[in-house]
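The values are calculated or read from the model by the stated rules, or taken from the named source; none is laboratory data. Here the structure is a predicted model, which means the values were calculated and not measured. Here the Cβ positions follow ideal geometry from the backbone for every residue, glycine too, while neighbour counts run over all protein chains shown.
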Amino acid sequence: MLFEGKTVFVDALEDGIYEVVIDHKSDSVNKLDQATLAELGQVTELLKGQDKLTGVIFASRKDTFIVGADITEFMAMFAVEQDEIVEGLLKIHDIFNAIEDLPCPTVTAINGLCLGGGFELALSTDFRVMSDTAKVGLPEVKLGIYPGWGGTVRLPRLIGVDNANEWICAGDEKRADNALKDGAVDSVVSGDKLQAAAIDLIKNCAAGKFDYQARRTEKQSPIKLNQIEQMMAFETAKGLVGAKAGPHYPAPMEALKSIQKHVNVTREKAVAIEAKGFAKLAKTDVCAALVGLFLKDQQVKRVSKQYERQAEPVKQAAVLGAGIMGGGIAYQSASKGTPIIMKDINQGAIELGLSEATKLLDKLVSRGKMDSLKMAKVLNSITPTLSYGDFAGVDLVVEAVVENPKVKKSVLAEVEQQLQDGAVLTSNTSTISITDLATALEKPENFCGMHFFNPVHKMPLVEVIRGEKTSEATIAKTVAYAKAMGKTPIVVNDCPGFLVNRVLFPYFGGFSQLISDGANFQQVDKVMEKFGWPMGPAYLLDVVGMDTAYHADAVMAAGFPDRMQHDGENVIDRLYKLERFGQKNGKGFYKYEIDRKGKPAKLVDEELANLLDGVVTQAREFTDEEIIERMMIPLCIETVRCLEDNIVASAAEADMGLIYGIGFPPFRGGALHYLDQMGLDNFIAMTEKYQALGPLYQPTETMKQMAADGKKYHG
């Protein structure tokens with residue numbers, strides 16, 4: 001062995017060909033951390049000094065090639081000044097440039113995921129051979145940055161500006177067939193033939209069949225586009241990318257600008273331009289938020305993995321209550337490989353649930369993401385029934401009947417008698433106390449909440465709610481099932497509304513007060529959408545359903561009367577009484593008509609102002625800043641209360657719950673990150689303007705103390 005480090009080793013293969021193997025011994029995947037980069041630098045210098053060096057192959061001994069840079073190092077790397085970031089990047093460029101300049105042909109053998117910095121390493125070699133099951137890509141824009149180790153320089157010169165713009169600005173993973181079609185890799189083979197294919201490429205270079213120096217020159221030279229071609233390529237891309245990325249995510253547009261700046265220069269100047277633009281993005285609040293989200297997501301996954309290890313997988317599930325929600329749960333379970341019984345007392349509801357599952361599967365088939373045989377297999381994994389006949393073999397039940405505690409208690413007590421020992425019983429409730437529902441059961445330790453969000457197939461979050469008597473084994477099995485369904489489970493403790501709805505309804509409370517004080521709901525929607533929410537609060541209430549919001553509001557008011565009760569009739573009460581339930585019956589804050597695609601189109605309803613007479617005081621103007629402050633203060637304070645009350649275990653889980661559950665703007669990092677970024681002292685000062693609005697606007701004593709001490713929720 002020529003070299004053996006902690007993450008890299010080098011072996012001689014044959015005829016002067018060496019294999020550089022990345023094998024991160026302390027991790028299940030390969031990442032390009034600072035230690036690995038340093039060893040790659042040492043290895044490159046060592047290889048340059050070898051006599052009769054005829055080729056170098058870069059490979060991995062793990063199931064993945066390299067998943068990217070070590071993002072856990074980003075916070076420290078980006079904490080320094082921009083000039084220091086540029087200096088650090090150029091040192092890494094020196095390593096990759098040295099690999100590109102080795103005095104022999106070089107090949108990367110891509111056997112699995114090859115992303116970010118891993119793919120940039122692959123781009124620095126002359127050729128790339130790829131397993132037919134592998135994927136490559138540059139996903140950096142999803143972290144608020146762009147490729148900073150030569151990706152914006154080499155990829156456009158390799159596959160053309162148009163293709164590279166799409167690869168880099170979208171940040172998607174590319175399958176082997178697409179990578180080969182675009183020219184990002186040179187050959188696709190089965191995994192067991194990767195090394196042989198790489199050796200063959202090097203031998204063909206030695207035989208003069210392939211000119212590796214020409215390929216190398218192409219990657220290091222200006223791109224051969226005239227000014228008109230450049231203008232057309234970049235101006236068209238800017239329009240498309242700008243429309244898709246929006247104003248809150250600057251990285252895709254900055255990537256385009258960087259590429260445009262360096263298309264006409266050589267490698268040395270181009271990497272300096274790339275590094276300077278990267279450093280600028282690395283210092284933005286958006287980058288800090290998105291990198292933070294990645295790390296928080298990893299923390300959430302570690303927590304759920306600990307639970308998974310404690311539980312046997314669910315082999316047979318059941319859902320009580322069909323309809324849209326039950327059908328969505330059944331579809332999600334069956335499509336991810338867990339067969340499920342769908343029970344209801346009404347044949348019409350059964351048919352509706354099957355129709356919902358069929359509709360979702362049809363969409364996958366029509367988009368080419370599933371064939372008809374797979375669709376049939378999934379549908380056959382859903383067993384509709386009007387009886388409990390097959391429940392003796394069920395491992396876990398999701399109760400999804402009407403949101404009424406009496407009905408739920410009756411159904412839960414009934415199904416408990418049908419289950420085998422050790423089976424888990426869960427309730428898909430959005431607000432009702434799990435501890436209270438458990439009073440109807442003989443074995444409350446086997447019961448917990450499993451709150452799905454609508455639409456089930458799209459929303460990633462599942463709240464797993466621990467009641468006072470819920471066992472850890474029950475939580476573990478429920479978390480494992482949620483993971484098997486492709487969801488992100490977050491375990492929370494019991495209280496009215498749990499985490500997400502407990503935080504959401506103070507937000508709605510702030511909105512109701514704004515409307516009562518004379519704000520225009522359309523202006524509020526526009527301001528909050530501009531702030532980054534996927535929809536404004538009025539539109540969101542229409543989507544949730546005014547009847548659902550009205551009943552949930554009553555539960556929250558009873559649970560937290562000091563701050564969630566309100567005097568007199570508010571706007572939600574009025575619209576509920578007028579039976580303006582939102583999208584479900586075509587009228588709420590807005591009116592809705594079905595468009596040509598079969599979706600409800602939102603329209604202004606001119607008669608609404610008159611219908612709100614008596615609820616709304618005299619109309620008045622609010623600034624955008626006032627609207628944002630009055631909407632966000634109650635939400636942020638309630639999130640803090642959930643953390644202080646131990647409803648949610650960590651700041652990371654609180655932030656991820658809001659992002660996955662109600663669409664909190666990701667580029668703002670979650671409510672607690674938002675507070676950290678603003679500074680708790682500044683937030684406390686902001687709330688003082690609104691103390692007359694009541695307890696929803698009053699920070700906790702712990703918040704005040706943390707502000708005085710200069711503390712943050714995230715380290």
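Among the numbered conditions (1) crowded, with 17+ Cβ neighbours inside 10 Å; (2) in a strand (DSSP E or B), the only one that ALA438 does not meet is (2).
Across the stretch 48-66, the qualifying residues are those that are of a type in the set (Val, Ile, Thr) and surrounded by fewer than 23 Cβ atoms within 10 Å (Cβ to Cβ), and the one among them that is nearest to CYS205 (Cα to Cα) is THR54.
With respect to ALA654, is the statement that it is more than 19 Å from ARG563 (Cα to Cα), of a type in the set (A, V, I, L, M) and not in a helix (DSSP H, G or I) true?
Numbers: more than 19 Å from ARG563 (Cα to Cα): yes; of a type in the set (A, V, I, L, M): yes; not in a helix (DSSP H, G or I): no.
Taking the combined requirement at face value, the residue does not satisfy it.
As a summary of the residue check, PHE234 satisfies the conditions (1) modelled with pLDDT under 95; (2) more than 21 Å from ILE145 (Cβ to Cβ) except for the one numbered (2). Let me confirm something: among LYS269, LYS301, LYS261, which residue is under 30 Å from the mean Cα position of the chain (by Cα), farther than 30 Å from ALA392 by Cβ and outside the structural domain of ILE475 (by TED's automatic domain parsing)? Answer to the selection: LYS301.
Quickly run through the stretch 560-571 and pick out the residues that are closer than 15 Å to ASN610 by Cα and part of a helix (DSSP H, G or I).
VAL571
Right, LEU143: in contact (Cβ under 8 Å) with a residue 60 or more places away in the chain, surrounded by 24 or more Cβ atoms within 10 Å (Cβ to Cβ), assigned by TED's automatic domain parsing to the domain that holds THR236 and among the aliphatic types (A, V, I, L, M) or not? When the stated conditions are applied, LEU143 passes them. Those strands (runs of 3 or more DSSP E) of the stretch 135-220 in which 3 or more residues are charged (D, E, K, R) occupy 173-175. The criterion of at least 1 residues that are of a type outside the set (A, V, I, L, M, F, W, C) and out of contact with any helix residue (DSSP H, G or I) (no Cβ under 8 Å at 6 or more places or on another chain) is met by the following helices (runs of 4 or more DSSP H) wholly inside the stretch 42-127: 82-100, 117-124.
When the stretch 334-367 is filtered for residues that are of a type in the set (Lys, Arg) and over 20 Å from GLN316 (Cβ atoms), the ones remaining, listed by number, are LYS359, LYS363, ARG367.
Got a sec? Which of ASP11, ASP51 is in the same structural domain as LYS276 (by TED's automatic domain parsing) and under 27 Å from ASP132 (Cβ atoms)? Even if it seems obvious, please write down each step before you answer.
On the way: ASP51 fails: under 27 Å from ASP132 (Cβ atoms).
Going through ASP11, ASP51 in turn, just one is in the same structural domain as LYS276 (by TED's automatic domain parsing) and under 27 Å from ASP132 (Cβ atoms): ASP11.
To keep it simple, each residue is scored yes or no on (1) under 31 Å from the mean Cα position of the chain (by Cα); (2) free of Cβ contacts under 8 Å to residues at least 24 places away in the same chain; (3) surrounded by fewer than 22 Cβ atoms within 10 Å (Cβ to Cβ); (4) not assigned by TED's automatic domain parsing to the domain that holds LEU352.
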residue	(1), (2), (3), (4)
LEU386	no, no, yes, no
LEU396	yes, no, no, no
VAL415	no, no, yes, no
MET459	yes, no, yes, no
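Scanning the stretch 442-495 for residues that are at pLDDT 95 or above and of a type in the set (D, E, K, R) gives GLU442, LYS443, GLU445, GLU463, ARG466, GLU468, LYS469, GLU472, LYS477, LYS483, LYS487, ASP494.
The residue that is surrounded by the fewest Cβ atoms within 10 Å (Cβ to Cβ), among those in the stretch 174-231 that are of a type in the set (D, E, K, R), closer than 20 Å to LEU158 by Cα and in contact (Cβ under 8 Å) with a residue 60 or more places away in the chain, is GLU218.
Kindly provide the set of residues from the stretch 584-629 that are of a type in the set (Gly, Ala, Ser) and assigned to a loop (DSSP other than H, G, I, E, B), ordered by number. Give the derivation first.
If we filter the stretch 584-629 for residues that are of a type in the set (Gly, Ala, Ser), which is where we start, we get 586, 588, 598, 601, 609, 614, 619.
Of everything in the stretch 584-629, those that are of a type in the set (Gly, Ala, Ser) and assigned to a loop (DSSP other than H, G, I, E, B) turn out to be GLY586, GLY588, GLY598, GLY614, ALA619.
Being under 19 Å from the mean Cα position of the chain (by Cα) and in the same structural domain as GLY532 (by TED's automatic domain parsing), is that true of even one residue in the stretch 673-690? For the stretch 673-690, residues under 19 Å from the mean Cα position of the chain (by Cα) and in the same structural domain as GLY532 (by TED's automatic domain parsing): present. Residues that are β-branched (Val, Ile, Thr) and more than 19 Å from ALA554 (Cβ to Cβ) were ranked within the stretch 418-445; the one that is farthest from the chain's Cα centre (by Cα) is THR439. Of all the numbered requirements in (1) surrounded by 20 or more Cβ atoms within 10 Å (Cβ to Cβ); (2) closer than 30 Å to GLU579 by Cβ; (3) not polar (S, T, N, Q), VAL615 misses one, and that requirement is (1).
With the structure loaded, tell me whether GLY588 is in contact with a Phe, Trp or Tyr (Cβ under 8 Å, 6 or more places away or on another chain), of a type in the set (Gly, Ala, Ser), outside the structural domain of LEU461 (by TED's automatic domain parsing) and at pLDDT 95 or above or whether it fails that test. Spell out the reasoning first.
Working: in contact with a Phe, Trp or Tyr (Cβ under 8 Å, 6 or more places away or on another chain): yes; of a type in the set (Gly, Ala, Ser): yes; outside the structural domain of LEU461 (by TED's automatic domain parsing): yes; at pLDDT 95 or above: yes.
Considered against the rule, which asks whether it is in contact with a Phe, Trp or Tyr (Cβ under 8 Å, 6 or more places away or on another chain), of a type in the set (Gly, Ala, Ser), outside the structural domain of LEU461 (by TED's automatic domain parsing) and at pLDDT 95 or above, GLY588 comes out as yes.
Can you tell me which residue among ASN646, ASN610 is more than 23 Å from the chain's Cα centre (by Cα), surrounded by fewer than 18 Cβ atoms within 10 Å (Cβ to Cβ), modelled with pLDDT of 95 or more and among the polar types (S, T, N, Q)? Step through it out loud before you land on a result.
Working: ASN610 fails: modelled with pLDDT of 95 or more.
Unique residue meeting the criteria: ASN646.
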